[in-house]
Amino acid sequence: MNFRSDNEAPVNPKILQAIVDANNGCEESYGYDSYTLKLQEQMQQLFGCWCDVIPLTTGTAANSLAMALMTPPYGSLFCSENAHMMSDECGAPEFFSAGAKLIGVSGENGKIDIEVLEKTLAGTGVHGEHECLPSAISITQSTEAGTLYSLDEIKQIDEIKQKYGLYLHMDGSRIANAVATMDCSIADLTWKSGVDLLSFGATKNGAMIAEALIIFNPKIGKEIKRMRKRAGHLISKMRFVSAQLLAYLEDDLWLQLANHANQMAQDVYLQLQNTHEFIYPVQANEVFLRLRGDEIEQLQKQGFEFHVWPGSTDIIRLVFSHATKQTDVTKLIAALKI
Ligand SMILES: Cc1ncc(COP(=O)(O)O)c(C=O)c1O
């Protein structure tokens, strides 16, 4: 019974079928195929605006190319101190941007504290040419803690972005889980709230290998195609990535899958909220629980797989996916109730 990661979940059958269906004869390579061209249209329809869609195979590539677009080599990007870009991408964002600097901003619940962000930015500039040029902010939606920035919080961050002349990136590795919970559209959550670039994730939510960098701001995306090639991410048989994304969008499959994952997390929260300590609000598809060492051992012995959170001995992370079985969740709740 796997609650370790949504990366460990299988591929949704409709997406797998779309790959098989795309395997029909020859198509132009390097993104000039009919699937990738259609994907541009479908994404523009989804977002209700012009956007440039860059299909990719990893979230790290999307985040790193975003950083390279927004930040000169002598620039800096402000993100949560817990951001994936900060701790889990092996320096790829700095590498792709030819040496720009990531600056971690503290905050509760896996988010940037907006006042701390403002104060940090207000303190820049005093060292002149000795310090990196503030260039961008990145927020993750939903966050690594399974929490959400509200629309109002994103708008406040946008105001800071405008005040300091920065760009705003959203790491949407789990954007579907955020949209599924929030009472707004993906457009409201992104470009309408000032997001210039979005790393649009699909792999964690049912695709096999499919992410996309969505560029809303035409000013920063001009050289993306060369940068993608130079970074080794121009996929020759791009149709198979685009076909996954098309199937993911069709009939709102992306939202159906995310709804299921979120519901599983909510079930655990609703059943255990009065008896267990939840480390963060449960707003998407991840649950962080405090348990005793012997409770953790008992769960593991019963075949439940999850991460004991690095740096702690008493916090576990449970991740629910599009494929999590209700029966497994029922068993998990029963085991936790003992
Ligand atoms: C929030 C977030 N962003 C980005 C990524 C990077 O994705 P990938 O492993 O495909 O590079 C992950 C992966 O776990 C993630 O959780």
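The values are calculated or read from the model by the stated rules, or taken from the named source; none is laboratory data. Bear in mind that the values here come from a model prediction, so they are computed numbers and not experimental data. Neighbour counts run over all protein chains shown; Cβ positions are idealised from the backbone, glycine included. Surface areas here come from the heavy atoms of the whole protein model, side chains and all, with no ligands, DNA or RNA. Shrake-Rupley method; radii C 1.70, N 1.55, O 1.52, S 1.80 Å.
Take the conditions (1) over 19 Å from the mean Cα position of the chain (by Cα); (2) outside the structural domain of Asn177 (by TED's automatic domain parsing); (3) assigned to a helix (DSSP H, G or I); (4) closer than 29 Å to Ala207 by Cα; Phe240 misses just one of them, which is (2).
Scanning the stretch 287-338 for residues that are assigned to a strand (DSSP E or B) and either in the same structural domain as Ala207 (by TED's automatic domain parsing) or among the aromatic types (Phe, Trp, Tyr) (or both) turns up just one, Phe288. Scan the stretch 62-111 residue by residue and report those that are away from the ligand (no atom under 14 Å from the Cβ) and of a type in the set (Phe, Trp, Tyr). Of everything in the stretch 62-111, those that are away from the ligand (no atom under 14 Å from the Cβ) and of a type in the set (Phe, Trp, Tyr) turn out to be Tyr74, Phe78.
Screening Glu94 against (1) touching a helix residue (DSSP H, G or I) at 6+ places or on another chain (Cβ under 8 Å); (2) part of a loop (DSSP other than H, G, I, E, B); (3) under 20 Å from Leu69 (Cβ atoms); (4) not basic (Lys, Arg) leaves a single unmet condition, (2). The set of residues in the stretch 248-293 being touching a Phe, Trp or Tyr at 6+ places or on another chain (Cβ under 6 Å), open to solvent by 30 Å² or more (accessible area, probe 1.4 Å) and either on the phi > 0 side of the Ramachandran plot or among the hydroxyl-bearing types (Ser, Thr, Tyr) (or both) consists of Tyr280 alone. Would you be able to say whether some residue in the stretch 175-186 is open to solvent by less than 10 Å² (accessible area, probe 1.4 Å) and within 18 Å of Ile19 (Cβ to Cβ)? No - not one qualifying residue is present in the stretch 175-186. For the stretch 139-151, does any single residue satisfy the condition of being open to solvent by 50 Å² or more (accessible area, probe 1.4 Å) and either within 30 Å of Arg228 (Cβ to Cβ) or not basic (Lys, Arg) (or both)? There is no residue in the stretch 139-151 that is open to solvent by 50 Å² or more (accessible area, probe 1.4 Å) and either within 30 Å of Arg228 (Cβ to Cβ) or not basic (Lys, Arg) (or both).
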